[in-house]
């Protein structure tokens, strides 16, 4: 029985995906949603330590591709304007938290487009009572990185 591509096949290697969500769009727009998949072998080492520089480059490449812009700053300028208050909804789930390196990659680009550091908040469980989230004009939902290292025998 052919089961097609498995979840493990999909996330094999180090994977960083940026998903375009079709919330509130027409059915035709939803069909045109895009997924950008970026992989880099040095994003995480054998001790599961994330490489912040590589993560930033992966994030920038994914965002630029998703928005068809020359760079991530241009993409962020198209969706976030100076003076906005931005809440970054992260994930602190103990089994698969969002790495701080991913959160920082987003913060770096927000700062680049003119968002003040004090107008950026990162939170998970207390977003309902967090003043940044209560006053936010933009929300960014962040998922953890997915990594997997398979033994050579499992890859065949």
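The values are calculated or read from the model by the stated rules, or taken from the named source; none is laboratory data. Only a predicted model underlies this, so the values are computations on that prediction, with no experimental measurement involved. Note that we place each Cβ from the backbone using ideal geometry, even for glycine, and neighbour counts take in every protein chain shown.
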- Message: For the range 33-81, which positions are closer than 27 Å to residue 134 by Cα, in a helix (DSSP H, G or I) and in contact with a strand residue (DSSP E or B) (Cβ under 8 Å, 6 or more places away or on another chain)?
- Response: 59, 63, 79
- Item | Near pairs, Cβ below 8 angstrom, 6+ apart or cross-chain, from the range 39-50 (free of Cβ contacts under 8 Å to residues at least 60 places away in the same chain) to any residue that is assigned to a loop (DSSP other than H, G, I, E, B) | 39/13; 39/14; 40/14; 41/13; 41/14; 42/51; 45/51
- Item | Residues of the range 112-128 that turn out to be under 12 Å from residue 72 (Cα atoms) and either in a helix (DSSP H, G or I) or touching a residue at least 60 places away in the same chain (Cβ under 8 Å) (or both), as a count | 1
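Considering every residue within the range 116-129, establish whether at least one is within 18 Å of residue 62 (Cα to Cα), at pLDDT 90 or above and crowded, with 18+ Cβ neighbours inside 10 Å.
So in the range 116-129, the residues within 18 Å of residue 62 (Cα to Cα) come out as none.
No, the range 116-129 contains no residue that is within 18 Å of residue 62 (Cα to Cα), at pLDDT 90 or above and crowded, with 18+ Cβ neighbours inside 10 Å.
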- Task: Please find, within the range 82-95, the residue that is nearest to residue 131 (Cα to Cα) out of those that are under 14 Å from the mean Cα position of the chain (by Cα) and in a loop (DSSP other than H, G, I, E, B).
- Result: 90
